[in-house]
Amino acid sequence: MKYGTLEPAGDRWRITYERRLAHPPEKVWRALTEAEHLAAWFPSTIEGDWEVGAPLRFVFPFEEAPVLEGTVLAYEPPRLLELTWGEDHLRFELTPEGGGCHLRFAVTIVELGKGARDGAGWHACLDALARHLDGDAPAAVRAAREGWKEVHPAYVKSFGPEASVIGPPDWHPETGG
């Protein structure tokens, strides 16, 4: 299993993931940008237009978190999608590779203390994305929640105690959610 890596990014912190997907960039792009595909792996809905500078709203389906605001920073189908997600910065890069593609996903966060929590969360989301692309939609939804618990200890160990001070998301069973 390929885990994300954590590194300083100016006054912020960047978690980067590299994934090889068995699907062409065009198919993966649809999963990154179309509502019916996002519902299978992304933690919220995305409201707004896919054009540079457009405002976005991220609404959590079960009100697990407050609505987040964001902005489209880059939109170059089917190669690059970059946006803000609240205070975080998300960047998806797709490169053709054989009959599939290479996905490089980076999330830049403000607080180091949530590194392990968010690292595990995005890891689980990317696993759910891969399952969704492979046609296993029910497993994709389960993977996004169950996967966090499985990979979180590895992120705590890898990122260290200073990146592990903010605990599980509100929806997680450990919090009673």
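The values are calculated or read from the model by the stated rules, or taken from the named source; none is laboratory data. Quick caveat: nothing in here was measured; it's all calculated off a predicted structure. Cβ sites come from the backbone with ideal geometry, for glycine too, and all protein chains shown count toward neighbours. What goes into the accessible areas is simple: the full protein's heavy atoms, side chains included, and nothing from ligands, DNA or RNA. Shrake-Rupley method; radii C 1.70, N 1.55, O 1.52, S 1.80 Å.
Within the chain, how many lysine pairs that are 8 or more places apart, or on different chains, have C-alpha atoms less than 21 Å apart?
On the way: 2/114; 2/149; 2/157; 114/149; 114/157; 149/157.
So the count works out to 6.
Counting alpha carbon pairs within less than 8 Å and at least 6 residues apart, what relative contact order, in whole percent, applies to the chain?
22 percent
In region 42-103, which chymotrypsin sites (Phe, Trp or Tyr not before Pro) are in a loop and have at most 14 other Cβ atoms within 10 Å, using DSSP for the loop call?
Within region 42-103, the qualifying chymotrypsin sites (Phe, Trp or Tyr not before Pro) (loop, at most 14 other Cβ atoms within 10 Å) are 62.
Would you mind telling me the share, in percent, of accessible area of the chain contributed by carbon and sulfur at probe 1.4 angstrom?
54 percent
How much net charge surrounds residue 54 when only other residues with a Cβ under 12 Å from its Cβ are counted (Lys, Arg +1; Asp, Glu -1)?
Surrounding charge for residue 54 is -3.
Using only the Cα atoms of the chain, what are the Rg and Dmax in Å?
When restricted to Cα atoms, the chain yields Rg and Dmax of 15.3, 44 Å.
Of 154, 6, 123, which is farthest towards the positive pole of the chain's charge dipole, taken about the Cα centre with +1 and -1 on the beta-carbons of Lys, Arg and Asp, Glu respectively?
Of the candidates, 154 comes out farthest on the positive side.
Accessible area per residue, 1.4 Å probe, Å², for region 32-82: what's the number?
Result: 54 Å² per residue.
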